[in-house]
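Remarks on the structure that follows.
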Amino acid sequence: MPDPSVLHPMPEQPRVVLLRPLVTSPLIEVGEFTYYDDPDDPTAFETRNVLYHYGPERLVIGKYCALGTGVRFIMNGANHRTDGPSTFPFPIMGGSWAASFDLLTDLPNRGDTVVGNDVWFGNGVTVMPGVRIGHGAIVATGSVVTADVPDYAVVGGNPARVIRTRYEEDDVTRLLAVAWWDWSAEHITAHVRTIMSGTVEELEAAAPE
């Protein structure tokens, strides 16, 4: 059975890392087996892919998510004021301008960025602050996610829009109730084929008692 605490789950492919054993920031939470793929330096995920993360908002990513190369999470610290004539952040330059730092600290906080379980991100996706991406969603290559993504939706574009849903509404409800990602590792191992290619009915039948 694969080990969720191993940094490189595929030793012959150093470009792939599991994020849970990699991240150190208390503001980032990642579920088991979620991985990031980058041919350059996947271990720099916290500094290269989570940007302007000064807190207090958190980045929460669920279990069994797949993040393609260049997926970036823009956090609330990237915001500038837009209610006055200039958007330039003068106080961060220091000196006498620093006396007006409250003009930056009182910016609206869009809250935590939350990614559900079993989400697939294509190459080069950008996720804006404070959005929720539902369980089982697929985010197409190059998308810019500016608003919440429903469970089991396929979204794409800039800004990302729903292209289609992977299942009918009733089946989405059933899939969320099954929540296979919360099964034990042993039970998942015994039913990998059903999880990957089975029907909703077969997944329900495979659920633990």
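Tabulated values for the structure
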{"quantity": "Hey, residue 142 open to solvent by less than 30 Å² (accessible area, probe 1.4 Å) and under 30 Å from residue 163 (Cα atoms) or not", "calculated": "no"}
{"quantity": "Members of the range 118-161 found to be touching a Gly at 6+ places or on another chain (Cβ under 9 Å), without any contact (Cβ under 8 Å) to a residue 60 or more places away in the chain and β-branched (Val, Ile, Thr), listed by number", "calculated": "119, 125, 126, 133, 138, 139, 144, 149"}
{"quantity": "Residue ID - most open to solvent (accessible area, probe 1.4 Å), chosen from residues in the range 160-184 that are over 24 Å from residue 140 (Cβ atoms) and not in a helix (DSSP H, G or I)", "calculated": "184"}
{"quantity": "Per-region count, the range 109-129, residues farther than 20 Å from residue 165 by Cβ and in contact with a helix residue (DSSP H, G or I) (Cβ under 7 Å, 6 or more places away or on another chain)", "calculated": "3"}
{"quantity": "Listing of strands (runs of 3 or more DSSP E) fully contained in the range 26-117 that carry 1 or more residues being in contact (Cβ under 8 Å) with a residue 12 or more places away in the chain and β-branched (Val, Ile, Thr)", "calculated": "28-30, 59-61, 72-74, 113-115"}
{"quantity": "The range 94-126, subset acidic (Asp, Glu) and open to solvent by 50 Å² or more (accessible area, probe 1.4 Å), residue farthest from the chain's Cα centre (by Cα)", "calculated": "102"}
{"quantity": "Residues that are of a type outside the set (Lys, Arg), more than 15 Å from residue 51 (Cα to Cα) and out of contact with any helix residue (DSSP H, G or I) (no Cβ under 7 Å at 6 or more places or on another chain), drawn from the range 132-144", "calculated": "133, 134, 137, 138, 139, 140, 141, 142, 143"}
{"quantity": "Test for residue 178: is it of a type in the set (A, V, I, L, M, F, W, C) and either in contact (Cβ under 8 Å) with a residue 60 or more places away in the chain or within 21 Å of residue 75 (Cα to Cα) (or both)", "calculated": "no"}
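The values are calculated or read from the model by the stated rules, or taken from the named source; none is laboratory data. Treat the numbers as computed from the prediction; the structure is a model and nothing was measured. Positions of Cβ are generated from backbone atoms using ideal geometry, with glycine treated the same way; all protein chains shown enter the neighbour counts. Side chains are part of the model used for accessible areas, which takes the heavy atoms of the whole protein and leaves out ligands, DNA and RNA. Shrake-Rupley method; radii C 1.70, N 1.55, O 1.52, S 1.80 Å.
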